[in-house]
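Only one structure is covered here, and it is reproduced in the block below.
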């Protein structure tokens, strides 16, 4: 069984949000540890040597990847995914970027490790992708997931989709500089699936987030990370489905992606994103503390302490007729 995804309970409402975190009562000592962020060398293997395909260079490129094993996302099962330059993977082909840039959630199903107006036209930035069911990659995925959900049943994926955005620049840089001098972001999304569940593992490299906003209609817009179910079809009309935002509209929340965690390893985030036959909303990993390699400060506190990564979960119950 895959009980890790079933205990998640959210208060019913037409539109409600829940911050993820834990409340600890009583007096305790909190140790904040200084632990290095993950390096890109610790990503899942990527590039030509890993057997990756390369997304065509450009500003708004999309490639439809047919899957050998379906991905479960929210309450849907998908046999193909759409890899996009702009830092997301979609469950249906997205329209022109002018319809969704600067907006989260979008109207289509999307997994967005870091979504903004990105560009690989300069030949430096690259988007790699592949399916992979090799034992080493499956083992690496299982380690990340099981570390992030330590109290739940052990997970052993049977297939992964690995997408890596490497040295990606913004389409219209807000600071001067060309070529290698431009600020660049590097991050990776791994979708790991079992027969009855799928997980997302998102990795942000040390120094891998060098810019946190992109220009949309000449205005700086903070980049987004999160998951969107997209539009949900009703009998007479469509309405926005559930979504989960890892970041807020604050640039500090984007920088925090490489500095914080919900899996016990800085810069690595894990989420349950779909189960069969029933699924309700995204389930984040629960390990936000880090190994105490070196102790920087010590904080004594009485009462309640709340650990809360920057996350907002929206559950929408559209009217059905």
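The values are calculated or read from the model by the stated rules, or taken from the named source; none is laboratory data. All of these numbers come straight from a predicted model, not from anything done at the bench. Backbone-built Cβ (ideal geometry, glycine too); neighbour counts: all protein chains shown.
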Could you go through the range 287-305 and let me know if any residue there is at pLDDT 90 or above, surrounded by 13 or more Cβ atoms within 10 Å (Cβ to Cβ) and not in a loop (DSSP other than H, G, I, E, B). yes
Exception for residue 155 within (1) assigned to a strand (DSSP E or B); (2) farther than 23 Å from residue 54 by Cα falls at (1)
From the option list 31, 44, 73, single residue qualifying as at pLDDT 95 or above and not in a loop (DSSP other than H, G, I, E, B) is 73
One residue is enough: does the range 103-118 have a residue meeting the conditions farther than 21 Å from residue 268 by Cα and outside any loop (DSSP other than H, G, I, E, B)?
yes
The lone condition residue 146 fails out of (1) free of Cβ contacts under 8 Å to residues at least 40 places away in the same chain; (2) outside any loop (DSSP other than H, G, I, E, B); (3) under 24 Å from residue 51 (Cβ atoms) is (3)
Expected output for the range 227-253 (first residue on the phi > 0 side of the Ramachandran plot, partner not in a strand (DSSP E or B), Cβ below 8 Å, 6+ apart or cross-chain) is 230/91; 230/92; 230/105; 230/106; 230/107; 230/108; 230/109; 230/241
Check: If you go through the range 163-184 one residue at a time, do you hit one that is surrounded by fewer than 24 Cβ atoms within 10 Å (Cβ to Cβ), part of a strand (DSSP E or B) and within 17 Å of the chain's Cα centre (by Cα)?
Finding: yes
Restricting the range 81-121 to residues that are surrounded by fewer than 18 Cβ atoms within 10 Å (Cβ to Cβ) and more than 18 Å from the chain's Cα centre (by Cα), the one modelled with the highest pLDDT turns out to be 121
Whether any residue in the range 50-59 is more than 17 Å from residue 186 (Cα to Cα), at pLDDT below 90 and not in a strand (DSSP E or B) is what I want to check. no
Residue match in the range 133-140 (condition: surrounded by fewer than 22 Cβ atoms within 10 Å (Cβ to Cβ), within 20 Å of residue 228 (Cβ to Cβ) and modelled with pLDDT of 95 or more): no
- Query: Any residue in the range 82-91 that is over 28 Å from residue 249 (Cα atoms) and in a strand (DSSP E or B)?
  - Reply: no
